[in-house]
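We did not get these values from a lab; they are worked out from the coordinates using the rules stated. Just so we're clear, the structure is a prediction, and the values are computed from it rather than from any experiment. Note that we place each Cβ from the backbone using ideal geometry, even for glycine, and neighbour counts take in every protein chain shown.
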Amino acid sequence: MSSSNYDGILLGMGNPLLDISAVVDEDFLTKYDVKLNNAILAEEKHLPMYDEMSSKFNVEYIAGGATQNSIKVAQWMLQIPGATSYMGSIGKDKYGEAMKKDATAAGVNVHYYEDESAPTGTCGVCVVGGERSLIANLSAANCYKVEHLKKPENWALVEKAKFYYIAGFFLTVSPESIQLVSEHAAANNKVFTMNLSAPFICEFFKDAQEKFLPYMDFVFGNETEARTFSKVHGWETEDVEQIAVKISQLPKATGTYKRTTVITQGADPVVVAEDGKVTKYPVIPLSKEKLVDTNGAGDAFVGGFMSQLVKGKSIEECVKAGCYASNVVIQRSGCTYPEKPDFN
């Protein structure tokens, strides 16, 4: 395909957040009741955390948000300007401006909804021993309105795209928007993908997640989320391979594509379930001293995967690209990457 055929081929929608990232200590985790390898929404007790991080630790500010990370990585892997688009809600402030600048420089066609009343959302990223925990203060990201999606210049992005990716986190913000996009994908034989995203999504947003499962052609997640999904659905199994197969066999809204479940397991092999069968793909080994932090590892995996999926590559190629991208990202702080990918 010529590069013009890739114009806007992949669209993401989600919660754009500015990552406030720092290596913290165990005492800090205990003080704010934060568990590693988890992702939660900030409660009242977490709000002082962001300032304390800035005053106590060496803080980095990195444009983030799960879906935006994945779209940026896909864009980086594709190296075709404008191949990807992204929508979400930011505030009218310096963080929002920084986000816009960052995403645009990355080559993503961003159409943000700018909210007048709330500041741009932030995500506290607490890193200990290379493992991360995410505490998201959605703020403006929580204000996305379906009216923005319906505007002709924004709906045009939906029409142009052939692949869609929405992290499960967006279920808490605008299910109406997800509904419009998923139904459009189903009606037009396009590929709709989502992520389990976090244990709390599987637990507390189960109904919303179930509503859109029939539309999902690909379901991404990690082993913790898969096990939570299983528990919530009363499947009584902790076996990630079994769970992946069961998710892939849940009913589908359209018969055009079979559902594929893709579950990452940190340093353990990636589990892919389709047609009732499981294939396992080893990840690229990385020595502990090269691991900087796992923030963005799962997002980068999805970005790499999607970059090959839109090119019509095999699942094996998609997984390889996902493993490559996440291997790059975990050797750097946050979801960042060098100027050019070295993937072939």
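Would you mind classifying segment 220-344 by shape? Square roots of the alpha carbon gyration tensor eigenvalues, ordered a ≥ b ≥ c; an a/c under 1.5 is rounded, otherwise it is prolate if a/b is larger than b/c and oblate if not.
In terms of gyration-tensor shape, oblate.
Can you bin every Cα-Cα distance in segment 154-211 into 5 Å intervals starting at zero and give me the percent of pairs per bin, rounded to whole numbers?
With a bin width of 5 Å, the distribution comes to 4, 18, 32, 22, 14, 8, 2.
So which helices of the chain fit the span-like rule, where a helix is a whole DSSP H run, its Cα atoms reach 15 Å or more along the axis, and its mean Kyte-Doolittle is at least -0.5?
Span-like helices in the chain: 66-78, 175-187, 297-309, 315-329.
For each pair in Lys150/Lys211; Lys231/Lys320; Lys320/Lys340; Lys190/Lys252, compute the distance between the two Cα atoms and list the pairs where it is over 23 Å.
As for pairs spanning more than 23 Å Cα to Cα, those are Lys231/Lys320.
Measure of size requested: the Rg and Dmax of the chain, with Cα atoms as the atom set and Å as the unit; please supply both.
My reading of the Cα-based Rg and Dmax gives 18.5, 54 Å.
Which value, in debye to the nearest 20, gives the size of the charge dipole of segment 51-104 about its Cα centre, when Lys and Arg are +1 and Asp and Glu are -1 at the Cβ?
Details: 6 positive and 6 negative charges, 39 e Å.
My answer is approximately 180 debye.
Let me check against my output: what whole-number percent is the relative contact order of the chain, with C-alpha pairs under 8 Å and at least 6 apart? Write down the numbers at each step before the final one.
On the way: 744 pairs, mean separation 60.5, N = 344.
For the chain, the relative contact order is 18 percent.
Nearest 5 percent is fine: what portion of the DSSP beta bridges confined to the chain is antiparallel?
35
If you keep only loop residues by DSSP, which GluC sites (Glu not before Pro) in segment 76-147 have at most 11 other Cβ atoms within 10 Å of their Cβ?
Details: sites: Glu97, Glu114, Glu116, Glu131, Glu147; in loops: Glu116.
Sparse-neighbourhood loop GluC sites (Glu not before Pro): Glu116.
Which length gain, in nm to one decimal place, applies between Ala105 and Ala187 when the Cα-Cα distance is subtracted from 0.36 nm times their residue separation?
On the way: separation 82, 0.36 × 82 = 29.52 nm, distance 3.33 nm.
Net length gain for the segment: 26.2 nm.
Output the Kirkwood hydrodynamic radius of segment 116-245, Cα pairs only, in Å rounded to one decimal.
It is 16.2 Å.
Per residue, what volume in Å³ does the Cα convex hull of segment 275-344 take up?
102
Going 7 Å from the Cα of Lys288 toward and past its Cβ, which residues in segment 117-135 have a backbone nitrogen under 16 Å from where you end up?
Within reach of a label on Lys288: 128-132.
From the square roots a ≥ b ≥ c of the eigenvalues of the alpha-carbon gyration tensor of segment 60-142, which class results: rounded (a/c under 1.5), prolate (a/b over b/c), or oblate?
Cα axes put segment 60-142 in the oblate bin.
List the trypsin sites (Lys or Arg not before Pro) within segment 1-103 that DSSP assigns to loop and that have no more than 12 neighbouring Cβ atoms inside 10 Å.
Sites meeting the loop and neighbour criteria: Lys35.
Calculate one ³J(HN,Hα) per residue across segment 269-285 by plugging θ = phi - 60° into the Karplus curve 6.51 cos²θ - 1.76 cosθ + 1.60, and present them in order as whole Hz with x for glycine and proline.
x, 6, 9, 10, 10, 8, 6, x, 10, 10, 10, 10, 10, x, 8, 6, x
Taking H placed 1.01 Å from N in the peptide plane, check which residues at least 5 places from Asn37 or on another chain put their amide H under 5 Å from its amide H.
Answer set, sorted by chain and number: Arg132, Ser133.
Working only with C-alpha atoms, what are the Rg and Dmax values of segment 1-135, expressed in angstrom?
Expressed in Å, the Cα Rg and Dmax of segment 1-135 come to 16.4, 54.
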